[in-house]
Amino acid sequence: MGAALNWAAMDATDWVGTDDVAGGVEHCLAVIVEKDKQINAFEHVFAESARKRAAKLDKLSPKDRGPLHGLPVAIKAENNVLGVPTSFGTHANITPPAVESAVVRRLREAGAVIIGTTRMPECGAWPVTETDRVISRNPLNTDFSPGGSSGGSAAAVAAGMVPVAIGGDGGGSIRIPAAVCGLFGLKPQLGRISVAPYPHLWHNLGVVGPLTKSARDLRLLYRVLAGNEPTDQYPAAAPMAENMLCVAPAPRLRIGTVMKASFPGIAVDKVHRDAVAKVASLLDGEVVAEVDLPKVTGTFIPLYYASIAGEVEYMEHPEDLDSKTKQLVAFGNAVPKPVVSLLKKRSIQHAATVNDLFARFDLLITPVIAPRPAPAGFLNGISAVKAQLKSAPYAAFTALFNVTGHPAMSVPVGYSAADGLPVAVQLAAAEHQENLLIDAAEYIHDKLKDRTWG
């Protein structure tokens with residue numbers, strides 16, 4: 001049965017429950033061998049352990065199979081996987097962890113197969129996936145970056161190396177690579193998915209989530225991954241709300257659109273503005289109004305610095321970090337702990353402002369990134385300050401929802417006529433409304449997936 005399956009055409013939901021786990025794993029490993037020398041999506045590939053796991057799963061009776069039975073998954077390299085050092089995209093760790101990350105454990109318990117760990121920029125600091133040693137590339141056009149910081153995970157899914165991958169998002173790091181690789185990427189509510197054994201991921205900014213080829217895959221993964229551990233410093237305060245707004249077949253949602261970046265001096269590409277307007281009209285909103293979002297740069301940037309400095313505290317050989325990362329660590333060490341506490345309180349104030357917007361609107365629709373996708377090697381050879389200035393347009397619409405904790409996602413809506421790369425929009429919703437986002441994303445993608453923009 002398995003030999004007849006067209007693995008390349010299947011999304012994650014189709015993989016689950018296969019009677020030929022070994023066949024699916026061999027397909028993934030073959031695509032990795034074929035493509036990854038050029039793309040550099042993977043840091044480690046667990047070929048031997050994946051084959052052993054597949055053989056064991058193939059012996060299970062249907063009644064003993066988990067909800068992700070046989071699903072190959074790649075894991076961003078900031079999550080603990082037994083047997084390999086947790087690199088955070090660096091060469092600064094050499095000792096494998098003693099405890100696996102909760103997200104990895106839940107995937108295994110549900111029957112998934114961990115294929116390998118994926119590349120990221122050091123400490124997840126950038127919206128592209130590159131270091132002084134390695135540049136990852138977008139499989140849709142290798143002259144471009146797959147985005148960051150979950151660029152390795154996005155590239156692995158977009159290239160067909162795995163049907164789904166796990167990323168992390170502290171300022172747009174799931175949504176940006178999803179946007180430039182044509183995937184769905186959901187930044188869930190703060191604390192929705194445990195980051196254990198670590199108490200937090202980038203303080204109150206970071207979350208864990210999957211990158212997928214379909215909206216229904218997000219539902220599949222979130223049923224398994226959602227939940228907290230006792231060590232989580234920021235557990236989600238409530239479960240995901242059921243979507244009662246009936247997005248399909250005849251949506252009438254109150255829509256707020258955002259066309260201008262909150263960072264000063266940032267131009268938004270016309271195809272992104274056009275896509276936002278078209279998606280708003282598709283949802284047939286009772287109210288479609290352009291809104292301004294609160295400016296959170298003064299909150300986000302110091303927390304970003306402090307988060308990177310805190311991450312480096314887990315590293316055995318910080319002297320091996322890239323020069324840009326060392327500069328960011330120095331900035332982070334200069335942020336006093338009382339200031340970090342103050343910024344977290346300010347984040348709550350920003351969240352209250354956004355909650356007021358969601359009293360008026362069911363969804364906010366924005367671009368994901370302001371410019372078109374960045375070329376590969378975008379930040380190599382420049383200082384941290386220059387890299388931040390170049391990076392700002394890529395996080396200009398995403399970082400707000402890390403500060404406030406609200407769920408937000410990237411939805412692919414077609415391709416640009418000018419460069420052939422994907423076009424995406426960002427949807428954001430009220431607290432705990434991930435299900436509304438997924439329903440809206442599915443509706444939008446079905447209407448616009450083959451659209452050419454520009």
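Of the residues making up region 99-116, at least one is touching a His at 6+ places or on another chain (Cβ under 7 Å) and crowded, with 24+ Cβ neighbours inside 10 Å. A Cβ distance below 7 Å, combined with a sequence gap of six or more or placement on separate chains, defines the contacts here; from region 93-104, residues that are within 19 Å of residue 225 (Cβ to Cβ) reach residues that are open to solvent by less than 60 Å² (accessible area, probe 1.4 Å) and outside any loop (DSSP other than H, G, I, E, B) in the pairs 103/166; 103/193; 103/208; 103/225; 104/75; 104/114. When 351, 387 are screened for being surrounded by fewer than 23 Cβ atoms within 10 Å (Cβ to Cβ), in contact with a His (Cβ under 8 Å, 6 or more places away or on another chain) and in contact (Cβ under 8 Å) with a residue 24 or more places away in the chain, only 351 passes. Residue 329 meets each of the listed conditions (1) of a type in the set (A, V, I, L, M); (2) touching a residue at least 60 places away in the same chain (Cβ under 8 Å); (3) buried (at least 17 other Cβ atoms within 10 Å of the Cβ) apart from (2). If you scan region 186-233, which residues turn out to be part of a strand (DSSP E or B) and either on the phi > 0 side of the Ramachandran plot or within 14 Å of the chain's Cα centre (by Cα) (or both)? Within region 186-233, 186, 187, 193, 207, 208, 209, 210, 211, 212, 227 meet the criteria.
One line per residue, one yes/no per condition, for (1) assigned to a loop (DSSP other than H, G, I, E, B); (2) within 22 Å of the chain's Cα centre (by Cα); (3) at negative phi:
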position	(1), (2), (3)
248	yes, no, yes
256	no, no, yes
263	yes, yes, yes
266	yes, no, yes
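Counted as qualifying within region 322-408 are the helices (runs of 4 or more DSSP H) with 3 or more residues that are closer than 18 Å to residue 263 by Cα and under 24 Å from the mean Cα position of the chain (by Cα), namely 337-360, 384-395, 399-404.
Filtering region 52-96 to residues that are more than 28 Å from residue 177 (Cα to Cα) and surrounded by fewer than 16 Cβ atoms within 10 Å (Cβ to Cβ) leaves 52, 55, 56, 59, 60, 61, 62, 63, 64, 95. Within region 236-243, does at least one residue satisfy the condition of being polar (S, T, N, Q), part of a loop (DSSP other than H, G, I, E, B) and under 23 Å from residue 78 (Cβ atoms)? No; the residues of region 236-243 include none that is polar (S, T, N, Q), part of a loop (DSSP other than H, G, I, E, B) and under 23 Å from residue 78 (Cβ atoms). Being within 20 Å of residue 139 (Cβ to Cβ) and not in a loop (DSSP other than H, G, I, E, B) is a condition met by no residue of region 89-108.
Checking the stated criteria, residue 188 turns out not to satisfy the condition of being open to solvent by less than 10 Å² (accessible area, probe 1.4 Å), at pLDDT below 90 and closer than 30 Å to residue 289 by Cα.
For residue 201, indicate whether it is in contact with a strand residue (DSSP E or B) (Cβ under 9 Å, 6 or more places away or on another chain), modelled with pLDDT of 95 or more and either among the aromatic types (Phe, Trp, Tyr) or open to solvent by 10 Å² or more (accessible area, probe 1.4 Å) (or both).
Against the criterion (in contact with a strand residue (DSSP E or B) (Cβ under 9 Å, 6 or more places away or on another chain), modelled with pLDDT of 95 or more and either among the aromatic types (Phe, Trp, Tyr) or open to solvent by 10 Å² or more (accessible area, probe 1.4 Å) (or both)), residue 201 qualifies.
Taking the conditions exactly as written (over 22 Å from residue 131 (Cα atoms), open to solvent by less than 20 Å² (accessible area, probe 1.4 Å), assigned to a helix (DSSP H, G or I) and touching a residue at least 60 places away in the same chain (Cβ under 8 Å)), does residue 29 satisfy them or not? So residue 29 fits the description; yes. Applying the condition of being of a type in the set (D, E, K, R) and at pLDDT below 95 to region 227-254 and asking which residue is surrounded by the fewest Cβ atoms within 10 Å (Cβ to Cβ) yields 242. Looking at region 70-87, is at least one residue within 22 Å of the chain's Cα centre (by Cα), over 24 Å from residue 170 (Cβ atoms) and in contact (Cβ under 8 Å) with a residue 40 or more places away in the chain? Yes, that holds for at least one residue. Checked against (1) under 21 Å from the mean Cα position of the chain (by Cα); (2) open to solvent by 50 Å² or more (accessible area, probe 1.4 Å), residue 450 passes all but a single condition, namely (1). The test for being in contact with a strand residue (DSSP E or B) (Cβ under 7 Å, 6 or more places away or on another chain) and of a type outside the set (A, V, I, L, M) holds for residue 40.
The values are calculated or read from the model by the stated rules, or taken from the named source; none is laboratory data. Because the structure is predicted, anything quoted here is derived from the model rather than measured. Neighbour counts are summed over all protein chains in view; Cβ atoms, including those assigned to glycine, are modelled from backbone coordinates with ideal geometry. Ligands, DNA and RNA are excluded from the accessible area calculation, which covers all protein heavy atoms including side chains. Shrake-Rupley method; radii C 1.70, N 1.55, O 1.52, S 1.80 Å.
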